[in-house]
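Below you'll find the structure I mean.
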Amino acid sequence: MIAPEILQSLRQAILAGVWVNTDHRARGSGKLSRDVWLGPLALLLGEGRQYLVAWSDYQEDVRLFALAGFERIELGDEAFERPEGFDLQAYLAQSFGVFQEEVQDVVWRFTPEAAPEARRFRFHPSQVLENASDGSLIVRFRAGGMLEMCWHLFRWGDQVEVLEPEGLREMYAGMLVAANRFVTFKQGKIDG
């Protein structure tokens, strides 16, 4: 849940082009950072998580901030200048979803049964589709965001195979094993 006043304040700051002073709680650690100065660039509002793309005065870089983590926002009086050459589309294209991490070559193979549906998806702006002789579909792109890729791959069940990178294949396999363990445990509790 995101407080409407948080969204309104951030929207106002973006439109006015001013710095904001915030208290923000990190999603992963729960750590509260007080008096953080941010230069808001854009709001990412979609299904799932919502983020603020902002210049962090402390980090001296563009970062993502979960909107649900904001506990206080005050608009500053000083104008915020966008970083020279910053391109929101290029920034977002570095990732699958929103997580920013090292960009890697990604290759997935969809079974012949899943290929027609997969062809209709835009997995990533840099994707290249290849039709294999067996009717399967190979999808290639360059991006970071391995965890979000795994979450997305779950929707395809056993109809997709991760070919590259090895780290993504291992992460996905580990998540499948963990999910199977959970289902097996729950079935044992229900049956027993």
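The values are calculated or read from the model by the stated rules, or taken from the named source; none is laboratory data. This one's a predicted model, so the numbers in the text were calculated from it and none came from an experiment. Here the Cβ is made from the backbone with ideal geometry for all residues, glycine too, and neighbour counts use every protein chain on show. When the accessible area is computed, the model is the full protein with side chains, heavy atoms only, and any ligands, DNA or RNA have been set aside. Shrake-Rupley method; radii C 1.70, N 1.55, O 1.52, S 1.80 Å.
Residue by residue through the stretch 1-49, note down the ones that are hydrophobic (A, V, I, L, M, F, W, C) and in contact with a Lys or Arg (Cβ under 8 Å, 6 or more places away or on another chain). Break it down into steps so the answer makes sense when it comes.
Step one: of the stretch 1-49, the residues hydrophobic (A, V, I, L, M, F, W, C) are 1-3, 6-7, 10, 13-16, 18-20, 26, 32, 36-38, 41-45.
Hits for the stretch 1-49 are Leu32, Leu41, Leu43.
Something else now. I need the full set of residues from the stretch 107-138 which are under 19 Å from the mean Cα position of the chain (by Cα) and at pLDDT 95 or above, in order please.
Our first condition is that a residue be under 19 Å from the mean Cα position of the chain (by Cα); within the stretch 107-138, this holds for 107-108, 121-127.
Answer for the stretch 107-138, where residues must be under 19 Å from the mean Cα position of the chain (by Cα) and at pLDDT 95 or above: Val107, Trp108.
If you don't mind, another one. Could you grab me the full set of residues in the stretch 123-163 that are open to solvent by less than 20 Å² (accessible area, probe 1.4 Å) and over 30 Å from Gly28 (Cβ atoms)?
Ser136, Leu137, Ile138
Here are some residues: Val36, Val20. Which one is at pLDDT 90 or above, in contact with a helix residue (DSSP H, G or I) (Cβ under 6 Å, 6 or more places away or on another chain) and over 13 Å from Ala66 (Cα atoms)? Full working, then the answer.
Working: Val36 fails: in contact with a helix residue (DSSP H, G or I) (Cβ under 6 Å, 6 or more places away or on another chain).
The unique qualifying residue is Val20.
Please go through the stretch 71-88 and pick out each residue that is under 16 Å from Gln12 (Cα atoms) and open to solvent by less than 40 Å² (accessible area, probe 1.4 Å).
Here is the first cut: in the stretch 71-88, the ones under 16 Å from Gln12 (Cα atoms) are 72-82.
Those that are under 16 Å from Gln12 (Cα atoms) and open to solvent by less than 40 Å² (accessible area, probe 1.4 Å): Ile73, Gly76, Phe80.
Got a sec? Which of Ala93, Ala68 is within 19 Å of the chain's Cα centre (by Cα) and open to solvent by less than 50 Å² (accessible area, probe 1.4 Å)?
On the way: Ala68 fails: open to solvent by less than 50 Å² (accessible area, probe 1.4 Å).
The conditions single out Ala93.
Oh, and also: Given the criterion open to solvent by 20 Å² or more (accessible area, probe 1.4 Å) and in contact with a strand residue (DSSP E or B) (Cβ under 9 Å, 6 or more places away or on another chain), identify the matching residue among Glu101, Glu166, Glu113. Quick ask: steps written out before the conclusion?
On the way: Glu166 fails: in contact with a strand residue (DSSP E or B) (Cβ under 9 Å, 6 or more places away or on another chain); Glu113 fails: in contact with a strand residue (DSSP E or B) (Cβ under 9 Å, 6 or more places away or on another chain).
Answer to the check: Glu101.
Does Ala143 meet the test of being among the hydrophobic types (A, V, I, L, M, F, W, C) and under 15 Å from the mean Cα position of the chain (by Cα)? Show your work before the answer.
Numbers: among the hydrophobic types (A, V, I, L, M, F, W, C): yes; under 15 Å from the mean Cα position of the chain (by Cα): yes.
Here the answer is yes, as Ala143 does meet what is asked.
Another question, then. Those residues that are polar (S, T, N, Q), under 25 Å from Tyr91 (Cα atoms) and not in a strand (DSSP E or B), I need them from the stretch 101-153; list them, please. It would help to see each step written out before you state the result.
Narrowing the stretch 101-153 to residues polar (S, T, N, Q): 104, 111, 126-127, 131, 133, 136.
Restricting the remaining residues to those that are under 25 Å from Tyr91 (Cα atoms) gives 104, 126-127.
Of everything in the stretch 101-153, those that are polar (S, T, N, Q), under 25 Å from Tyr91 (Cα atoms) and not in a strand (DSSP E or B) turn out to be Ser126, Gln127.
Pull out all pairs, ordered by first then second residue, where Cβ-Cβ is under 7 Å, the residues are six or more apart or on different chains, the first lies in the stretch 114-136 and is in contact (Cβ under 8 Å) with a residue 12 or more places away in the chain, and the second is open to solvent by less than 50 Å² (accessible area, probe 1.4 Å) and in a loop (DSSP other than H, G, I, E, B).
From residues that are in contact (Cβ under 8 Å) with a residue 12 or more places away in the chain, the pairs are Ala115/Gly135; Ala115/Ser136; His124/Phe96; Pro125/Ala93; Ser126/Ala93; Ser136/Thr111.
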